[in-house]
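Colleague: Please see the structure below; I have some questions.
The values are calculated or read from the model by the stated rules, or taken from the named source; none is laboratory data. Note that the coordinates shown come from a computational prediction; the quantities given were computed from them, not determined experimentally. Glycine gets a Cβ as well: all are built from the backbone with ideal geometry, and neighbour counts include every protein chain shown.
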Amino acid sequence: MLKFGSLPAHWQRPLSALLILTLVFGLSFRESWQSIVDIWSRSDTFAHGYLVLPASLWLIMTRRDLYVKLRPTPSYLGITMLLACGFGWLVAEITGVLVVEQFALVGMLVCLIWSVLGTQVAGSMLFPLFFLFLMVPFGEDFVPFLMEYTASFVVFMLRLTGISVYREGLHFTLTSGNWSVIEACSGIRYLIASITLGLLYAYLNYTRYVKRLIFILASILVPILANGLRAYMIVMIGHLSDMKLATGVDHIIYGWLFFGLVMLLLFYIGSFWQDQSAGDADQTEAGEIILVSPKSHILLTGAITFIGIAMWPLAATELHARQSIKASIPAALLQNLPVEAGAAPVWSWEPLFKGVMAAEKRSVGADGQVVGIYFANFGDESQGGELINSQNTLISKDQLGWKIIDDSLRSMDWPAQPTKVEEVVITNGQQYLLVLRWYRIGQTNTANRYYAKWLQLLKRLSGDASPEVMAVLYTQTPHGDYRQARDRLQKIALACCE
């Protein structure tokens, strides 16, 4: 164990400054750090986050004999990057883009270490520092794509096997029973675990960057392919056993056993190209050891770093105080609706989102049919929900029996601004509903989440308090023929937002 008192003199002052600034950093951004820990606590997918910081410190400690020979020197470039990450954190915080906020937060921590210890030291521990980014619970945005891939892969393999299968969105039917691809089947847990283990394995066992890159790519691609095979295997076990096996908890057990075997195989194959000198890679990564005399301006750079840390939470507080997002539904969205009132629909589905602070629900008549209208305002997004969030799905956990069978973007020709809206078909097996959804930020309509976030940023930096609304229109439609239903919804949409 390396004790503080036994450190060389040229390390004691920089390390003391680093510990103090890190403590200030943690306290200043405690809410952002808490948001990361909260996700670790409630999601098994990201529970590995608890181990990332200890693992990074362990990697550093295993090579402490190298680092004590280096002479820490404050870096102005590191301070510049710290300010850049701080600005990124501010932008993400005021617009509610949590994953970007968390990445910027970890980036600030890395740049803080860089600022205090200097480029030579930070460069020698580059991998342990970048490994810290795995603390960020990211990857949920890939879940829909992984679910679509898994469903397509399973159906393809079933048909290749000669088994008749009927697919409807993420749901498919065999002669033996029904199956559906849910979030747990996406393989995101396998993928994140594989990437984490793959990064560690590549760093500890290879010295050449080409080998490391190849193994890391393999740790990304192999679990994606393996998850498709896992899902196909489970469906086949269920099918061949007449739905007696692989339909309950054994479903999960089979999946993790298969994933464990795949990872063992990947590590075993990777061991054939292991570099024997991997444990002595320090000199290669650190380069020539150059002893640079301590600079007298360590207190000045420490003060600048302190300001670079503390200024961003203060700026965020000021911007939040200046803005006032009105939790209301603009009257302009309602005044041009058809006078003819629609009978209350008998559908058991309606939009349901977390964190809505103001909502307007109506039923109107159009071409002799009922159209449901729902406008939602999430206010300042402080009630546990956001206007633009991947978790705002049209089918909630409380709406059992409903499922999405089609999801696409469709052009909507508003007179002032042609754009696209999200078009979704949902069903409970008896009724089919066509749903249009988009965001209205100020006077701008869009279904693009990234563009909507950009509009939110511009509004909030300027102090604009005009409402930000999610619009959802829906009506019943025959299965497979959505033309008339689409015309009805577009007619109402134009009346609302022209």
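Colleague: May I ask you to list the residues in segment 49-80 that are out of contact with any Pro (no Cβ under 7 Å at 6 or more places or on another chain) and under 16 Å from residue 102 (Cα atoms)?
Modeller: 50, 52, 53, listed by residue number.
Colleague: Of a type in the set (D, E, K, R), outside the structural domain of residue 395 (by TED's automatic domain parsing) and over 20 Å from the mean Cα position of the chain (by Cα): is that true of residue 212 in this structure? Step through it out loud before you land on a result.
Modeller: On the way: of a type in the set (D, E, K, R): yes; outside the structural domain of residue 395 (by TED's automatic domain parsing): yes; over 20 Å from the mean Cα position of the chain (by Cα): yes.
Taking the combined requirement at face value, the residue satisfies it.
Colleague: Return the residues of segment 160-192 that are buried (at least 20 other Cβ atoms within 10 Å of the Cβ) and small (Gly, Ala, Ser); say none if nothing qualifies. Explain how you work it out, then say what you get.
Modeller: Just the residues of segment 160-192 that are buried (at least 20 other Cβ atoms within 10 Å of the Cβ), to begin with: 170, 179, 181, 185-192.
Of everything in segment 160-192, those that are buried (at least 20 other Cβ atoms within 10 Å of the Cβ) and small (Gly, Ala, Ser) turn out to be 186, 187.
Colleague: So which of 138, 156, 172, 145 ends up being within 27 Å of residue 34 (Cα to Cα) and of a type in the set (A, V, I, L, M, F, W, C)?
Modeller: Numbers: 156 fails: within 27 Å of residue 34 (Cα to Cα); 172 fails: within 27 Å of residue 34 (Cα to Cα); 145 fails: within 27 Å of residue 34 (Cα to Cα).
Result of the check over 138, 156, 172, 145: 138.
Colleague: Identify the single condition in (1) of a type outside the set (Asp, Glu); (2) modelled with pLDDT under 90; (3) under 23 Å from the mean Cα position of the chain (by Cα) that residue 198 does not satisfy, given that it satisfies every other one.
Modeller: Of everything listed in (1) of a type outside the set (Asp, Glu); (2) modelled with pLDDT under 90; (3) under 23 Å from the mean Cα position of the chain (by Cα), residue 198 misses just condition (2).
Colleague: Next question, about the same structure. All but one of (1) within 30 Å of residue 130 (Cβ to Cβ); (2) in contact with a strand residue (DSSP E or B) (Cβ under 6 Å, 6 or more places away or on another chain) hold for residue 179; state the number of the condition that does not hold.
Modeller: If we test residue 179 against (1) within 30 Å of residue 130 (Cβ to Cβ); (2) in contact with a strand residue (DSSP E or B) (Cβ under 6 Å, 6 or more places away or on another chain), just (1) comes out false.
Colleague: While we're looking at this one, here's another question. Taking strands (runs of 3 or more DSSP E) that do not extend beyond segment 397-498, which have at least 2 residues that are more than 31 Å from the chain's Cα centre (by Cα)?
Modeller: On the way: elements: 403-413, 418-427, 432-441, 444-446, 468-476.
Passing ranges, in order: 468-476.
Colleague: Could you please give the count of residues in segment 171-196 that are closer than 30 Å to residue 264 by Cβ and in contact with a helix residue (DSSP H, G or I) (Cβ under 7 Å, 6 or more places away or on another chain)?
Modeller: 14
Colleague: Can you tell me which residue within segment 349-380, out of those that are among the charged types (D, E, K, R) and touching a strand residue (DSSP E or B) at 6+ places or on another chain (Cβ under 9 Å), is nearest to residue 329 (Cα to Cα)?
Modeller: First, pick out the residues of segment 349-380 that are among the charged types (D, E, K, R): 350, 354, 360-362, 367, 380.
Now narrow it down to the ones that are touching a strand residue (DSSP E or B) at 6+ places or on another chain (Cβ under 9 Å): 350, 360-362.
On the way: 350: 18, 360: 7, 361: 11, 362: 13 Å.
So the residue we want is 360.
Colleague: Quick check on segment 303-312. Is at least one of its residues assigned to a helix (DSSP H, G or I), at pLDDT 65 or above and polar (S, T, N, Q)?
Modeller: We begin by selecting, within segment 303-312, every residue assigned to a helix (DSSP H, G or I); these are 303-312.
Adding the requirement that they be at pLDDT 65 or above leaves 303-312.
Narrowing the set further to residues that are polar (S, T, N, Q) leaves 305.
Yes: segment 303-312 contains one or more residues that are assigned to a helix (DSSP H, G or I), at pLDDT 65 or above and polar (S, T, N, Q).
Colleague: Please note which helices (runs of 4 or more DSSP H) are completely contained in segment 107-172 and include at least 1 residues that are farther than 19 Å from residue 61 by Cα.
Modeller: Output list reads 143-161.
Colleague: Need at least 2 residues that are of a type in the set (S, T, N, Q) per element, so show me which helices (runs of 4 or more DSSP H) inside segment 37-103 make the cut, counting only ones lying wholly within it. Outline the logic, then answer.
Modeller: Values: elements: 49-61, 64-67, 76-95.
Helices (runs of 4 or more DSSP H) meeting the threshold: 76-95.
Colleague: Then there is this: Out of segment 204-244, which residues are without any contact (Cβ under 8 Å) to a residue 12 or more places away in the chain and crowded, with 19+ Cβ neighbours inside 10 Å?
Modeller: Scanning segment 204-244 gives a single hit, 212.
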